[in-house]
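To start, the structure itself, in structure tokens.
The values are calculated or read from the model by the stated rules, or taken from the named source; none is laboratory data. Predicted model, so just to flag it, every value in this text is computed and none were measured. A quick note on method: Cβ atoms are made from the backbone with ideal geometry, for glycine too, and the neighbour counts reach across all protein chains shown.
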Amino acid sequence: MSMILIVGANRGLGLGLAREMHGRGWQVIGTARQPERAGELKAIPGVRVEALDVNDGEAVDGFAARLGGTRLDVLFVNAGVSGPDHRSASKATQAEVGALFYTNAVAPIRLARALVGHVRPGEGVIAFMSSVLGSIAQTSGQHELYSASKAALNMLTRAFAIEVQGRFTVLSLHPGWVRTDMGGENAPLDVATSVRGLADVIERARGRGDHTYVDYQGKPIAW
């Protein structure tokens with residue numbers, strides 16, 4: 001049975017992807033900062049729920065050690081925050097920018113490097129939840145701080161992909177504008193539609209060994 005680790009699986013797209021992959025017959029490990037509040041994740045039959053705060057380096061290293069000899073077919077890093085409410089670089093404090101960029105860009109790559117030894121070489125996929133807002137070529141100028149943090153994630157992911165070149169497939173994924181706590185109620189996509197597409201993209205990517213930046217339908221996004 002194929003195994004996926006979804007980092008940040010207690011709500012929204014992470015929870016939806018856990019349900020989708022379980023429905024496809026995958027074994028699912030899902031992480032949450034507060035597992036005691038991850039009731040919906042725990043309700044998925046057979047899911048393994050682990051505590052993990054991606055911003056805590058010691059916790060990340062401890063989690064990697066707890067995985068032991070576990071072999072992952074897919075590592076999906078879904079952690080991310082929207083940042084300060086004003087979303088303006090001119091108004092942001094140093095602390096706000098540091099927290100946003102660490103959570104959205106630095107922590108995901110640090111986590112991937114800590115866990116890469118558990119991912120199955122050749123067929124393995126390492127996927128990062130990016131956004132079309134991280135595209136410099138297609139920027140609309142909106143949500144500049146969040147967009148910049150996702151562009152930073154894309155750059156760091158590119159460096160990571162070069163580092164592991166050929167050993168794994170690396171994906172930078174845009175889930176679409178989805179009705180979640182972060183996406184808001186006016187978003188055109190529901191979670192089920194987005195994660196069904198993301199799951200298709202992941203399954204098709206196994207064994208390719210490249211790095212692509214695509215949306216939930218597999219359409220390429222300009223960097």
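Considering the range 109-163 alone, what residues qualify as being of a type in the set (Ser, Thr, Tyr) and within 14 Å of the chain's Cα centre (by Cα)?
130, 131, 149, 157
Just need a number here: residues in the range 75-94 that are in a loop (DSSP other than H, G, I, E, B) and of a type in the set (Val, Ile, Thr).
Qualifying residue count for the region: 2.
Out of curiosity, is residue 163 farther than 23 Å from residue 52 by Cβ and out of contact with any Cys (no Cβ under 6 Å at 6 or more places or on another chain)?
When the stated conditions are applied, residue 163 does not pass them.
Residues that are surrounded by 22 or more Cβ atoms within 10 Å (Cβ to Cβ), among the aliphatic types (A, V, I, L, M) and part of a helix (DSSP H, G or I): does the range 123-133 have at least one?
So far as the range 123-133 goes, no, none of its residues is surrounded by 22 or more Cβ atoms within 10 Å (Cβ to Cβ), among the aliphatic types (A, V, I, L, M) and part of a helix (DSSP H, G or I).
Which residue, of 176, 197, 207, is free of Cβ contacts under 8 Å to residues at least 40 places away in the same chain and under 21 Å from residue 24 (Cβ atoms)?
The conditions single out 197.
How many of the residues making up the range 162-192 are at pLDDT 90 or above, surrounded by 13 or more Cβ atoms within 10 Å (Cβ to Cβ) and within 23 Å of residue 17 (Cα to Cα)?
Residues in the range 162-192 being at pLDDT 90 or above, surrounded by 13 or more Cβ atoms within 10 Å (Cβ to Cβ) and within 23 Å of residue 17 (Cα to Cα): 14 in total.
Scan the range 175-192 for residues that are of a type in the set (Asp, Glu) and within 19 Å of the chain's Cα centre (by Cα) and jot them down.
Residues satisfying the conditions are 181, 190.
Give 17, 13 a once-over and let me know the one that is buried (at least 21 other Cβ atoms within 10 Å of the Cβ) and in contact with a Leu (Cβ under 7 Å, 6 or more places away or on another chain).
17
Determine, yes or no, whether residue 137 is small (Gly, Ala, Ser), assigned to a helix (DSSP H, G or I) and either out of contact with any strand residue (DSSP E or B) (no Cβ under 6 Å at 6 or more places or on another chain) or surrounded by fewer than 21 Cβ atoms within 10 Å (Cβ to Cβ) (or both).
no
So which pairs qualify, if the first residue must be in the range 77-99 and over 16 Å from residue 111 (Cα atoms), the second must be assigned to a loop (DSSP other than H, G, I, E, B) and of a type in the set (D, E, K, R), the Cβ gap must be under 8 Å, and the two must be at least 6 apart or on different chains?
Between residues of the range 77-99 that are over 16 Å from residue 111 (Cα atoms) and residues that are assigned to a loop (DSSP other than H, G, I, E, B) and of a type in the set (D, E, K, R), the close pairs are 84/91.
Give all pairs with beta carbons closer than 8 Å in which a residue from the range 100-115 that is buried (at least 19 other Cβ atoms within 10 Å of the Cβ) meets a residue that is basic (Lys, Arg) and part of a helix (DSSP H, G or I); count only pairs at least 6 apart in sequence or on separate chains.
Final answer for the pair search is 104/150; 105/150.
State all residues of the range 165-209 that are in contact with a Leu (Cβ under 7 Å, 6 or more places away or on another chain), of a type outside the set (A, V, I, L, M) and not in a loop (DSSP other than H, G, I, E, B); if no residue qualifies, say none.
Across the range 165-209, the qualifying residue is only 194.
Checking residue 90 against (1) surrounded by 13 or more Cβ atoms within 10 Å (Cβ to Cβ); (2) farther than 25 Å from residue 213 by Cβ; (3) not acidic (Asp, Glu), which single condition isn't satisfied?
All conditions are met except number (1).
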